[in-house]
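Quick note: the coordinates plus some simple rules give every number you see, no bench work behind them. Here the structure is a predicted model, which is why all the values come from computation and not from measurement. Cβ coordinates were reconstructed from backbone atoms using ideal geometry, including for glycine residues, and neighbour counts include every protein chain displayed.
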Amino acid sequence: QVQLVASGGGLVQPGGSLRLSCPASGIIFRPYAMGWFRQAPGKQRELVAVISSYGTLNYADSVKGRFTISRDNAKNTVYLQMNRLKPEDTAVYYCSARLGSQDYWGQGTQVTVSS
């Protein structure tokens, strides 16, 4: 059974930081592209950042320079370091694992940026 368990969300003031984590189990982690997506109320889910199995990075324009995605293949975990958070970053954040036609999602963690 594949499980992705996102954690690390919470309430933070504008300008603050959070670090999301997502350990994966039930898959051979290394060859999977790992990603973070988010969905704000009333909006479609959108890509935040992706890291390939080779370490190639891709970010949404809205988070470039503020967010950093990384992976630890020894711990089967993907991270999202979020700095200089803005109210518009408020959303449920989901992690994903993708390899060919295999596509798995975690349950999401809420990030709220508010003063």
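Within the stretch 9-51, list the trypsin sites (Lys or Arg not before Pro) lying in a DSSP loop whose Cβ has at most 13 other Cβ atoms in a 10 Å radius.
43
Going through the stretch 23-115, which chymotrypsin sites (Phe, Trp or Tyr not before Pro) have at most 16 other Cβ atoms within 10 Å and a DSSP loop state?
Answer in residue order: 54.
Please build a GNM for the chain, connecting alpha carbons under 10 Å apart, and tell me which residue among 39, 102, 13 fluctuates the most.
102
When the Karplus curve 6.51 cos²θ - 1.76 cosθ + 1.60 is applied with θ = phi - 60°, which whole-Hz ³J(HN,Hα) does each residue of the stretch 56-70 get, with x for Gly and Pro?
Ordered by residue, 3J(HN,Hα) equals 5, 10, 9, 10, 5, 4, 5, 10, 4, x, 10, 10, 9, 9, 8 Hz.
Scan around residue 67 for amide H atoms under 5 Å from its own, H built in the peptide plane at 1.01 Å from N, and keep only partners 5 or more places away or cross-chain.
83
Could you state, as a whole-number percent, how many of the C-alpha pairs of the stretch 49-103 are farther apart than 14 Å?
More than 14 Å apart: 60 percent of the Cα pairs in the stretch 49-103.
At 20 °C and 1.002 mPa s, what whole-number value in µm²/s does Stokes-Einstein give for the translational diffusion of the chain, with Rh from the Kirkwood sum over Cα pairs?
This corresponds to a translational diffusion coefficient of 153 µm²/s.
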